[in-house]
1. Filter the helices (runs of 4 or more DSSP H) completely within the range 141-237 down to those with at least 2 residues that are farther than 19 Å from Q266 by Cβ and within 19 Å of the chain's Cα centre (by Cα).
2. Restricting to the range 18-48, count the residues that are closer than 10 Å to P90 by Cα and polar (S, T, N, Q).
3. Any chance you could count how many residues in the range 61-112 are exposed (fewer than 15 other Cβ atoms within 10 Å of the Cβ), charged (D, E, K, R) and either in contact with a Leu (Cβ under 9 Å, 6 or more places away or on another chain) or closer than 17 Å to L235 by Cβ (or both)?
4. Out of all the residues in the range 79-112, which are over 23 Å from V17 (Cα atoms) and among the hydrophobic types (A, V, I, L, M, F, W, C)?
5. For the range 36-47, what are the residues that are touching a His at 6+ places or on another chain (Cβ under 9 Å) and surrounded by fewer than 14 Cβ atoms within 10 Å (Cβ to Cβ)?
6. Can you tell me which residue in the range 231-281 is nearest to W128 (Cα to Cα), limited to those that are among the polar types (S, T, N, Q) and out of contact with any helix residue (DSSP H, G or I) (no Cβ under 6 Å at 6 or more places or on another chain)?
7. State the number of residues belonging to the range 108-140 that are hydrophobic (A, V, I, L, M, F, W, C), farther than 25 Å from S35 by Cα and assigned to a loop (DSSP other than H, G, I, E, B).
8. Please go through the range 225-248 and pick out each residue that is free of Cβ contacts under 8 Å to residues at least 40 places away in the same chain and within 22 Å of V145 (Cβ to Cβ).
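The values are calculated or read from the model by the stated rules, or taken from the named source; none is laboratory data. Values in this document were obtained by computation on a predicted structure and should not be read as measured data. Glycine gets a Cβ as well: all are built from the backbone with ideal geometry, and neighbour counts include every protein chain shown.
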Amino acid sequence: MNLRHNLHLLAQYCQSVPLRLIWLLAARLPSRRASSFGAALLGVLGPLSRKHRHVRRNLSFVLTDAPEAEIEGVARQVWRNFGSVLAEYPHLQSITAERCDIRVPAEVQQLFDQGRPALFVSGHVGNWEIVPSFLATKCRGLLVVYSPDTNPFVEASLQRRRQYPGVTFVDKDEALRQMLVAAQDGTSLGLLPDQRVDSGTLLPLFDVEAPTTISPARIAQRVGYPLIPLHVERLPDGRFTVHFHLPLLPRSGLKGKEAAIDVTRQFYALLEGWISNRPGQWLCTKRRWPKHATPRTR
């Protein structure tokens, strides 16, 4: 048993080596060149992986009337964007400081100025890793919920790159209690609820029902935080725009689960717009819709 376990760990370590090498080289490059390097690398390797079929299928729900050649082209853009995200890890703080245009509505800026906590929701669009780096400068404290990598060596390397003052990352499977405790201290919360959650509520995404978590809205209700969407847009010149949106509120008269579903629907309407505008910037390497689902033609 120990031998099998050790061999498994050795295999996982070997699998982590390419990412370590990417970061080693990317750290020695200027940030824009690192982005281009990552894009070129995964633009070639990504379409060769088994996950490419998930990318193509997910995009078929977004680009419903597009020919296969167009979907394939956008799928390759997805890999290029993901490659840039990976290569930008060593440069996240300098990117946030030097290459980001932050657009904040007055209501949200007032919240920052008053030091009030909030629950922030975003999606795997553009470079979502910029968000904690920026919020670290605006929030008294931030707890980010995420899905750890199954490879412990990759996970350890990622967390070493996510060292921001006042920011804590917690495993989604252990997050609820820690979020409630953090909220008692006025710590803000951050989640990226755009991926499939098999136990979630079926809600429409691009007109086709998909299992969706309503947990962010429920948690915001429970701790009394405003729920604020934001997303990151990658621009052609190597810069980024971080768009904050107004807090989401349920329709009048709705409470409890119904209110949470309504707020989640509003978030997903925004998410659809973000993806539609830049489909090649949406990380969609995991199956998002049920296996039996088919795209809804428009």
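1. Counting at least 2 such residues, we get 152-161, 175-184.
2. Here the count works out to 1.
3. The total comes to 5.
4. I95, A97, C100, I102, V104, A106, V108, L111, F112
5. none
6. Ranking the candidates gives T241 first.
7. Qualifying residue count, the range 108-140: 2.
8. Passing the criteria: only L248.
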